[in-house]
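First the structure, in the form of C-alpha cells, and then the observations on it.
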C-alpha cells in the first residue's frame, strides 16, 4: 500500500461505501437516511473517497445500489422472509434504519475485526428487529455451512451479498451458490453483479488502487446471472444500475450524452450496456 492509497484490504471498502451513504444521507433530497454512516465510515473511509480517482463524483452507483436493495429487501420481507442472512455485512446498518418487523431474524455475518468495529461504533443503538452478530471467514466451508444450516431453521431465508461477489474467485462464488441453495435452503438471494465490460471501464480508474490495496475485482461473469443456474438459482429480477440511476435521479456526469449516443448502438450492444452493472434477485429452483 502506497502512502496515497489508504485501502489495506477488502474490509476497508466497507468504510468507503459508508461515506457514500453518508454523502447521500446529508442531501436535502436524500433517497435514504443512514444517520450512522458518517461515524462508521470515519476518517479512513473519507480518505479512501479522496484517494480514489473521481472519488466524490463516482458515488452514484453505490447510492443507487443501496436504494434499490432497500426497496427489494422490504418487499421480500412483506412477501414472507423470516430470516435475513447478510453475508460480508460490513457496516450495513439496515437493521437499525429500515422499518422492519419486530419478529424478523437478521444475521450479520463478517470477519471478526469488522464485526467488532461495527458493534463498537453502534454501541447504544437499538435495532428494529433481533440482530445476531456472527463472526466467520466464509472461505471456511465447515463454518459457512454451520451458519447456513442455522439460518435454514427459521425460513423463508433472504440472503444478501451486497458488494461481496466481485471480490471472490468464480470457484468460490460457485461453492457459495451451492451451499446457499442446498444448506441454507434460501428462497431469495439479493446481490449486485459486474460484467467484463465494467471491469474494462474501471481498468484505469479504480482497479489499480484496489489491486494495490489487496482488494482486486475478480468475479464478473460474461453470462451474468446465468452463472448461478447450475446451482439451483434463477433470475427473477434485474435492476440495471444505469436505468435505475435515471429513475432515482442519481446519474453520472454527462449521463444525458451517453444516453443519447446509446441510441445509435446496435440493440445487443445497448442491452450489454444496461447489464454492465446491476442488482439482481434470484429465487431458488426445486
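What follows is calculated from the coordinates using simple rules that are stated; it is not laboratory data. As the structure is a prediction and not an experimental result, all values here were calculated from the model. Cβ placement follows ideal geometry from the backbone for every residue including glycine, while neighbour counts extend to all protein chains displayed.
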Where both residues lie in segment 59-284, what percent of DSSP beta bridges are antiparallel, nearest 5?
45
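Report, in deg cm²/dmol and to the nearest 500, the calculated mean residue ellipticity at 222 nm for the chain, where each DSSP H run with n ≥ 4 adds -39500 (n - 2.57) and the sum is divided by the residue count.
Values: 12 runs with 123 residues, N = 286.
Here the helix-only value at 222 nm equals -12500 deg cm²/dmol.
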Under the classification rounded if a/c is under 1.5, otherwise prolate if a/b is larger than b/c and oblate if not, where does segment 114-214 fall, given a ≥ b ≥ c as square roots of the Cα gyration tensor eigenvalues?
oblate
Once R0 is set to 45 Å, what does the formula 1/(1 + (r/R0)^6) return for the Cβ-Cβ distance between residue 197 and residue 82, expressed as a FRET efficiency to the nearest 0.05?
0.75
Could you state the number of Å between the C-alpha centres of segment 218-256 and segment 79-94?
20
Backbone N within segment 139-171 under 11 Å of label point (7 Å from residue 185 Cα along the Cβ vector)
149-157
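Mean separation of Cα pairs under 8 Å and 6+ residues apart, divided by the residue count of the chain: what relative contact order is that in percent? List each step's numbers first, then the result.
Working: 475 pairs, mean separation 55.6, N = 286.
Contact order relative to length: 19 percent.
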At R0 = 41 Å the Cβ-Cβ FRET efficiency linking residue 103 and residue 263, nearest 0.05, sits at 0.25
Estimated inter-spin distance, residue 283 and residue 246, nm [label 7 Å along Cα→Cβ]
2.7
Tell me the label-point distance for the pair residue 43, residue 141, using the 7 Å Cα-to-Cβ offset, in nm and rounded to one decimal.
4.4
For segment 35-54 and segment 139-172, write down the distance between their C-alpha centroids in whole Å.
27
Along Cα→Cβ, 7 Å out, is where each label goes; now give me the distance between the ones at residue 132 and residue 234 in nm to one decimal.
3.0
How long are the semi-axes of the equivalent ellipsoid of the chain, defined as square roots of 5 times the Cα gyration tensor eigenvalues? Whole Å, largest first.
27, 23, 19
